[in-house]
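Here is the structure we will look at.
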Amino acid sequence: MTKPVLGFAGMTHLGLVSGICAAEKGFKVICFDPDSTRVTPLTRGEIPVSEPGLPELLAKNQERLLFTQDSTMLSRCDLVYVAPDVPTDDQGRSDLDPIDAMLKSAFDATRDDAVIVVLSQVPPGFTRGRRRPGRILYYEVETLVFGRAVERALNPERTIVGCADPEHPLPPAYANWLRARNCPFLTMRYESAELAKISINCCLVASIATANTLAEISEKIGADWSEIVPALRLDKRIGPHAYLSPGLGIAGGNLERDLATVLRIAGETGAETGLISSFVRNSRHRRDWVLRVLHTEVLPYSPDATIGILGLAYKENTASTKNSPALALVGCLANWRIQAYDPWVAGSPVSHPGFMSAARVEDAVKKADALAVMTPWPQFRSFDPQIAARAMRGRVVIDPYRVLDAGKVVNAGLDYFTLGARPLRGKRPGDS
Amino acid sequence: MMKHHCQRPEAPRRVVILGARGFIGGAIQARLAAEGVSTVPLGHADLDLTAADAAARLKSVLQPADVLVVVSAVAPAKTVPMLIGNLHLLEPVCEAISGLRLSQIVYVSSDAVYADDSNPVTENSYVAPSTIHGMMHSAREMMLRSSTAAPLAILRPTLAYGPEDPHNGYGPNRFRRQAEKGEPISVFGGGEEQRDHVFVGDVAGIAWLSIAHRSEGIINVATGNSISFRQVAEMVAAQYDGRARVVSVPRPGPIPHLLHRFFDITGCYKSFPQFSFTPLKAGLKLSMQRTAK
């Protein structure tokens, strides 16, 4: 059988990465979005999202990729993924209007024998509610991770497919494409697949919440969580890839969305979800850890303090600041001056009267009373704490993700605060 | 986090204080006076809230745009009659404020409204009082909430201490008095229960900020540092130059079910970022100095 022509509708993060990676697999891909501000730059080879490896793949696969605003081009496709990003509000609630609009475009533009696959993150019940007589509709779980999207799209662990009837064989075009991805695929009813996506994220959040809780206990009793983690990773029941690094709560929007969805479903069905509420509470508690350190170690003693911040994105390798702990922190420091540097987030992403966007790490630490490393960007690892010690006015370095070398920070005479361990006090002249 | 109706602090035209002659009420009155705020301090002698005409009299005092601070209570409420009595005390207040367009109402409640829980207490902790005193404050919060459309600030202080405290409850005040009299400072058992102790001046400080910002919502008034009674006793003893010693006495009852109570005061950091609590050692010293005067 000849390779099916694939379509991707919605050229935001998910659709764009998925489309380009499908081309890398050797398939012809038509990438559609009605918005010219999205499509035009792509036709020029400009990528609006930050993903390692994506520009190279786009350049390499130009011949197999077509970017268009013309929905009728989708009529050439055997299989069309509907993949717009689904925006969420502050409460983690999804706005489903964009995906409904994109789904309608896909149904209207494609042949009756074309397979339509919902790839966006949707609540359970969504896909079955959008079936059309005589049309073929599936749901597929996306596992996009910002900053690692290419790697995961090219080498998925498995593919989860939601079907109207899982006993019914997959259409040849879809089965052909799934086999090309070289990973197991599991078929199940729509609702199971939709809940599988949420289940994956809830398990990840459970790991994060567990790590955060025990990291806090470590801080109180003098244990070091980083010493415990390798032991857990060697346990087969936990595994080498488990989410065990403590952090500043969950961020980015997707995990929060799934927790909100589970709580909403519980509210409608009477299911007991106290555990999920605890995850949310723990996340909010840990998000404010840096603020608490500043209030106990710096702000009462330096009423006119300047706070240096390294990193504004919610995680490394992305420019996204959705629910970013750094921005939440800045929002609570309106009375103090902020000097912030982020490699990818430019300008002032938050309204703050004393916010200064620093051009370099060195500018962020200059005369700062405290330094907070809020995003674990790899390039911060090479920053020499001696430079900070010479440039800073204060002595406090807050490094939740252990980006800096704690020993070097302390040797530079700076106090070091991190998640999962007691603070280390800087060595002063005369200390042995 | 509290909602501030005035983003920049702004003194109100006038503040009426119910319970202004008491320990916390007096501290609030003094703080407002120091800030130059016009106040109408009312104690039991000025306005008897048990009198039949109490609501009418209070209404005649209150003016539109006033801030009303409610501290009046017979505390700690330990019995059912005290519970009922305290609710009756608030009845005329509720009657007087309903229909009035006050700028704000500030109610000084208590952390006793929270459930006993090993997790740090926040403003989002469950309200499920385990004592009559906590139930009293919880009910009074609800009474006020249902009687006014004005912004309502609820302050929930933990164990407050200070030189003017008329009570002799177990903790800093009693320890100081024992030391002053030359008696041993007695702690129950090992004195291992950890509690958060807040200086009364800080309760007044948070009350002032709540008023200056016309804040609405709930704020716990606690330092975020919990310490054992034994450590408090030793801290007090240290301030008497070796003249006081700490002794262990048998507990009057079983060891408390909730051995420790901790507070997460992130809500305070966010609501009043520039406020700093008086460290316990400094607060105890202040108490000692003021008592000596």
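FYI, it's all coordinate maths here, none of it is from the lab. None of these values were measured; they are calculated from a predicted model. All Cβ positions, even for glycine, are placed from backbone atoms using ideal geometry, and neighbour counts span all protein chains on display.
Worth a mention:
- Evaluated over the Cα positions of segment A:6-190, the convex hull gives a direction-averaged projected area, one quarter of its surface, of 9.9 nm².
- At 1.002 mPa s and 20 °C, Stokes D of segment A:206-353 from Kirkwood alpha-carbon radius, µm² per second: 124
- Working value for segment A:198-287: equivalent-ellipsoid semi-axes of 25, 15, 11 Å, each the square root of 5 times a Cα gyration tensor eigenvalue, largest first.
- Selection from B:Leu102, B:Ser146, B:Pro120, by position along the positive dipole direction of segment B:90-183 (Cβ): B:Leu102
- Taking a sphere under 10 Å around the Cβ of A:Asp405 and counting the other residues whose Cβ falls inside, with K and R at +1 and D and E at -1, yields a net charge of +1.
- Applying the Kirkwood pairwise sum to the alpha-carbon positions of segment A:58-119 produces a hydrodynamic radius of 13.2 angstrom.
- Within the shell of other residues whose beta carbon sits under 15 angstrom from the beta carbon of A:Gly308, the net charge comes to -2, with Lys and Arg scored +1 and Asp and Glu -1.
- Between helix B:23-34 and chain B there is an angle of about 60 degrees, using the helix long axis and the longest principal axis of the Cα atoms.
- Furthest towards positive pole of dipole, A:Ile99, A:Asn411, A:Trp225, structure part chain A, Cβ charges: A:Asn411
- Translational diffusion coefficient (Stokes-Einstein; Kirkwood radius from C-alpha pairs) of chain A at 25 °C, 0.890 mPa s, in µm²/s: 104
- Stretch gain in nm, segment A:Arg135-A:Asp100, where the contour uses 0.36 nm per residue and the Cα spacing is subtracted: 11.0 nm
- 10 Å-binned pair-distance histogram of segment B:182-289 (Cα, whole percent): 13, 37, 31, 16, 3
- Each DSSP beta bridge with both residues in the protein assembly as shown is either parallel or antiparallel, and the antiparallel ones are about 10%.
- GNM result for chain A, Cα springs below 10 Å: residue of A:Gly45, A:Gly249, A:Gly147 fluctuating most strongly: A:Gly45
- For segment B:126-226, the equivalent ellipsoid derived from the alpha-carbon gyration tensor has semi-axes of 30, 17, 12 Å in decreasing order.
- Distant alpha-carbon pairs in segment A:159-203 (separation over 18 angstrom), percent: 31
- Debye intensity ratio in log₁₀ form over the Cα atoms of segment A:360-432, taken at each q of 0.15, 0.21, 0.27 Å⁻¹: -0.42, -0.84, -1.39
- About its Cα centre, segment B:208-293 has a charge dipole of approximately 280 debye under the convention of +1 per Lys or Arg Cβ and -1 per Asp or Glu Cβ, with nothing else charged.
- Normalised convex hull volume, segment B:1-40, alpha-carbon set, Å³ per residue: 93
- Scattering curve values for segment A:289-417, log₁₀ I(q)/I(0), Debye with Cα scatterers, q = 0.18 Å⁻¹: -0.89
- Dipole check for chain B: with +1 at the C-beta of Lys and Arg, -1 at the C-beta of Asp and Glu, and the Cα centre as origin, the magnitude is about 500 Debye.
- Axis angle, to the nearest 10 degrees, between helix B:132-145 and the longest C-alpha principal axis of chain B: 20 degrees.
- For the pair segment B:18-43 and segment A:109-126, the centres of their Cα atoms are 66 angstrom apart.
- FRET E, pair B:Ala33, B:Val74, Förster distance 22 Å, beta-carbon r, rounded to 0.05: 0.30
- Using the rule -39500 (n - 2.57) for each DSSP H run of four or more residues, divided by the residues of chain A, the 222 nm mean residue ellipticity is -11000 deg cm²/dmol.
- When the convex hull of its Cα atoms is viewed from all sides, the protein assembly as shown shows a mean projected area of 38.3 nm².
- Taking Cα centre as origin and charging only the Cβ of basic (Lys, Arg, +1) and acidic (Asp, Glu, -1) residues, the dipole magnitude of the protein assembly as shown rounds to 1100 debye.
- For segment A:289-417, relative contact order (Cα pairs under 8 Å, six or more residues apart, normalised by length) works out to 25 percent.
- Global geometry of segment B:1-127, whether rounded, prolate or oblate, following the gyration tensor of its Cα atoms and the 1.5 cut on a/c: oblate
- Segment A:1-55, relative contact order [Cα under 8 Å, separation at least 6], %: 33
- As a calculated quantity, the FRET efficiency between A:Glu268 and B:Asp48 at R0 = 56 Å, using C-beta atoms, amounts to about 0.60.
- Positive contributions from Lys and Arg (+1) and negative ones from Asp and Glu (-1), summed over other residues with Cβ under 14 Å from the Cβ of B:Phe229, come out at +2.
- Cross-linked pairs A:Lys367/B:Lys285; A:Lys367/B:Lys270; A:Lys197/A:Lys322; A:Lys3/A:Lys104; B:Lys78/B:Lys270; A:Lys220/A:Lys427: Cα-Cα separations exceed 28 Å for A:Lys367/B:Lys285; B:Lys78/B:Lys270.
- Stokes-Einstein D in µm²/s, Kirkwood radius over Cα pairs - chain B at 25 °C with 0.890 mPa s viscosity: 125
- A Förster radius of 41 Å combined with the Cβ-Cβ distance from B:Gln231 to A:Ala346 puts the calculated FRET efficiency at roughly 0.25.
- Candidates A:Leu419, A:Leu234, A:Leu255, ranked by Gaussian network fluctuation over chain A, Cα under 10 Å, top entry: A:Leu234
- Distance histogram in 10 Å bins (all Cα pairs of segment B:241-293, percent per bin): 15, 26, 34, 23, 2
- Nearest-ten-degree value, helix A:190-221 long axis tilted from longest Cα axis of chain A: 10
- Rg/Rh for segment A:89-225, where both radii come from Cα atoms and Rh is the Kirkwood radius: 1.08
- Across chain B, Cα pairs under 8 Å and at least six residues apart give a relative contact order of 22 percent.
- Helical mean residue ellipticity (222 nm; -39500 (n - 2.57) per DSSP H run of 4+; nearest 500) of chain B: -11000 deg cm²/dmol
- Spatial offset of segment A:1-24 relative to segment A:127-200 amounts to 14 Å, using the alpha carbon center of each.
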